[in-house]
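The values are calculated or read from the model by the stated rules, or taken from the named source; none is laboratory data. These figures come from a predicted structure and were not determined experimentally. Note: ideal-geometry Cβ built from the backbone for every residue, glycine included; neighbour counts use all protein chains shown.
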Amino acid sequence: MITNLITPGTTAFAALCLAGYLLLANALAYTAFAVDKSRAIRAERRIPERSLLILATLGGWIGAKLAQHRLRHKTRKQPFGILLNLSVLVIPGLIATAILLQSDLTWDKLTTQAGTTAQGLFASSDSATLPRRFGPGSAAP
């Protein structure tokens with residue numbers, strides 16, 4: 001029964017693949033930070049910051065942030081910290097851009113829809129009557 005759910009082409013299979021990818025990406029990012037910290041302590045050749053940021057950007061952001069806090073590594077390097085925090089926005093931004101590019105949504109349609117929705121929300125309708133109240137103190141109309 002469960003094998004029927006996790007077959008190629010199903011949503012469960014795609015979710016399983018995504019979970020596996022994210023697990024691998026976060027493990028790689030955490031390991032890279034740990035290796036870089038170890039090399040920093042031993043005054044050996046370091047892993048370039050660009051490589052660490054690429055690993056974080058490609059889905060390993062949680063592993064990178066976890067390693068940064070647990071290992072106390074690269075916490076004072078402010079340009080790196082800001083770039084690491086911004087790297088989490090890259091993939092969702094790319095996905096949102098791809099969705100918008102695939103849709104037929106244009107700026108004109110978007111502004112027209114927003115204007116129509118706003119007019120519907122703020123329009124006063126005089127024909128609408130308030131519901132009748134029941135109970136003590138309510139007068140019959």
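Residues that are polar (S, T, N, Q), surrounded by 11 or more Cβ atoms within 10 Å (Cβ to Cβ) and closer than 28 Å to A29 by Cβ within the stretch 79-126 comprise N85, S87, listed in sequence order. Scan the stretch 2-16 and tell me whether some residue there is part of a loop (DSSP other than H, G, I, E, B) and in contact with a Leu (Cβ under 8 Å, 6 or more places away or on another chain). Yes, that holds for at least one residue. One residue alone among R50, R72, R76 is closer than 29 Å to I95 by Cα and loosely packed, with under 12 Cβ neighbours inside 10 Å, and that residue is R50.
Checked against (1) at pLDDT 85 or above; (2) assigned to a helix (DSSP H, G or I), R46 passes all but a single condition, namely (2). Checked against (1) of a type in the set (A, V, I, L, M, F, W, C); (2) surrounded by fewer than 12 Cβ atoms within 10 Å (Cβ to Cβ); (3) modelled with pLDDT of 90 or more, L18 meets all criteria but (3). Within the stretch 31-55, residues that are free of Cβ contacts under 8 Å to residues at least 60 places away in the same chain and of a type in the set (K, R) reach partners that are assigned to a helix (DSSP H, G or I) and surrounded by 14 or more Cβ atoms within 10 Å (Cβ to Cβ) with beta carbons closer than 8 Å, at six or more positions or on different chains, in the pairs K37/A67; R46/D36; R46/A40.
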